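The values are calculated or read from the model by the stated rules, or taken from the named source; none is laboratory data. Bear in mind that the values here come from a model prediction, so they are computed numbers and not experimental data. Cβ coordinates were reconstructed from backbone atoms using ideal geometry, including for glycine residues, and neighbour counts include every protein chain displayed.
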Amino acid sequence: MSRLAGAARIVKGAATQIRSARAAITLTPNAVQRVRNLMQQQPDMNAIKIGVKKRGCNGMTYTVEYANEKGKYDEEVVQDGVRIWIDSKAQLSLLGTEMDFETDKLSSGFVFRNPNIKGTCGCGESFSV
């Protein structure tokens, strides 16, 4: 697996877009397009894998990586032709999350709107559940 450049931003609160009743995570049209573009740049990879790791001033941060193999207990989400694998250790903390991709004058990156988080740091890159 190789890491994708850039940091993910965390937003406390509920998703703003239409949510699928069955998917552990939903993607906005901007996120779907960005994942599709990333996968075209790495045709030997099978999916984007989302996980969490202990890091930052609030305890946890998201990881977004290219992946070839789905772990035995990883959750698979396929939406609009793009494939996301959710690491088994991240499934409960990501349940109900909306993944977006935003671009502004200074930065661009994935944004996670997660209704499960209890707090975020000032920079918005780490969270606690």
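Structure notes:
- Test for VAL32: is it modelled with pLDDT of 75 or more and closer than 21 Å to ASN114 by Cα: yes
- Among residues of region 31-46 that are among the acidic types (Asp, Glu), those with a beta-carbon under 9 Å from a residue that is surrounded by 11 or more Cβ atoms within 10 Å (Cβ to Cβ) at least six positions away or on a different chain give the pairs ASP44/TYR66; ASP44/ASN68.
- Residue among PHE112, PHE101 that is farther than 11 Å from ALA24 by Cβ and at pLDDT below 85: PHE112
- Filtered residues of region 35-58 (kept if within 15 Å of the chain's Cα centre (by Cα) and at pLDDT 90 or above): VAL35, ARG36, LEU38, MET39, ALA47, ILE48, LYS49, ILE50
- Annotation note: Cβ proximity below 9 Å between a residue of region 77-94 that is at positive phi and a residue that is surrounded by 21 or more Cβ atoms within 10 Å (Cβ to Cβ) (sequence gap 6+ or interchain) occurs for ASP80/LEU27.
- The residues in region 59-74 that are within 19 Å of PHE110 (Cα to Cα), touching a strand residue (DSSP E or B) at 6+ places or on another chain (Cβ under 6 Å) and modelled with pLDDT of 90 or more can be counted, and the count is 2.
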